[in-house]
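One structure is given below, encoded as structure tokens.
The values are calculated or read from the model by the stated rules, or taken from the named source; none is laboratory data. All of these numbers come straight from a predicted model, not from anything done at the bench. Using ideal geometry, Cβ is built from the backbone for each residue, glycine included, and neighbour counts are taken over all protein chains shown. Remember, those area values only see protein heavy atoms, side chains included, never the ligands or the DNA or RNA. Shrake-Rupley method; radii C 1.70, N 1.55, O 1.52, S 1.80 Å.
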Amino acid sequence: MSKQIKLSALQGKVIAIDGPAGSGKSTTARRLASKLGFVYLDTGAMYRAVTLFALRNGVSVDDARALETIARRVKIRLTGEKVFLNDEDVTKDIRNPEVTKAVSPVSAHEGVRKAMVAQQRAVAKDGNVVTEGRDTTSVVFPDADIKVYLEASLETRARRRLIDFSRQGISSTLEEQMKDLAARDEYDSNRQHSPLTRTHDSILLDTTNLTIDEQVERILKLVRIRVKNI
Ligand code: DC
């Protein structure tokens, strides 16, 4: 457990981080939350859980109505480390390649998004949250106290994904990962509802040449500067 940093002016605040897949959001947000003693809210994991449920039950990624019903009814619980779907630990299953492929079209449906956003806001109602995703700075928490947009080159992001996959025992190539990420970026950035965008008030951080430790340090520095002005 890392040493926690006490910044009393941060109490009740929300820190939101958006960016494309592989930009380092999850690891950065998780570490930041741990350092600040905040809750870590991984919004992508929620869309993945809905997608896993749909795939297991043979629901098409195009069936807007069925997917909305699923999104409203399934019980998703995030503990920071683990993800539970109707009380089953699905932490690993939501990262499998089938879910990763289907999650973009599933998350593009307006009804699915509405159900998820309501749950995300409920989790953050008392603040003390570090959240990350595609629309946390723009739609879910437009009034977040600190907003960050992470980006990194496509190749760097693909290399990171490759390492993640090999840790999970899944074989892939750099070319495959670059193709998949580019397709997901395109889909997430151009969908009709809540596309991935960098809001005007988000601080841009390019992580291409940064280690995770450096990323976290940079954001903490920003947090300290912002806190003085909050
Ligand atoms: O961050 P991730 O790779 O786990 O996200 C999986 C997908 O979920 C992503 O491709 C798009 C969707 N997503 C979203 O639409 N809105 C969010 N706030 C988070 C994720």
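Tabulated values for the structure
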{"item": "Any pair with Cβ under 9 angstrom, 6 or more apart, that starts in region 149-169 at a residue that is more than 22 Å from Arg218 (Cβ to Cβ) and of a type outside the set (Ser, Thr, Tyr) and ends at one that is open to solvent by 50 Å² or more (accessible area, probe 1.4 Å) and in a strand (DSSP E or B)", "result": "none"}
{"item": "In region 191-209, the residues that are part of a loop (DSSP other than H, G, I, E, B) and open to solvent by less than 30 Å² (accessible area, probe 1.4 Å)", "result": "Arg191, Ser194, Leu196, Thr199, Ser202, Thr207"}
{"item": "Residue match in region 163-184 (condition: surrounded by fewer than 17 Cβ atoms within 10 Å (Cβ to Cβ), touching a strand residue (DSSP E or B) at 6+ places or on another chain (Cβ under 9 Å) and either closer than 17 Å to Val14 by Cα or at pLDDT below 95 (or both))", "result": "no"}
{"item": "Members of region 139-172 that are assigned to a helix (DSSP H, G or I) and among the acidic types (Asp, Glu)", "result": "Glu155, Asp164"}
{"item": "Residue tally, condition open to solvent by 10 Å² or more (accessible area, probe 1.4 Å) and of a type outside the set (D, E, K, R), over region 128-141", "result": "4"}
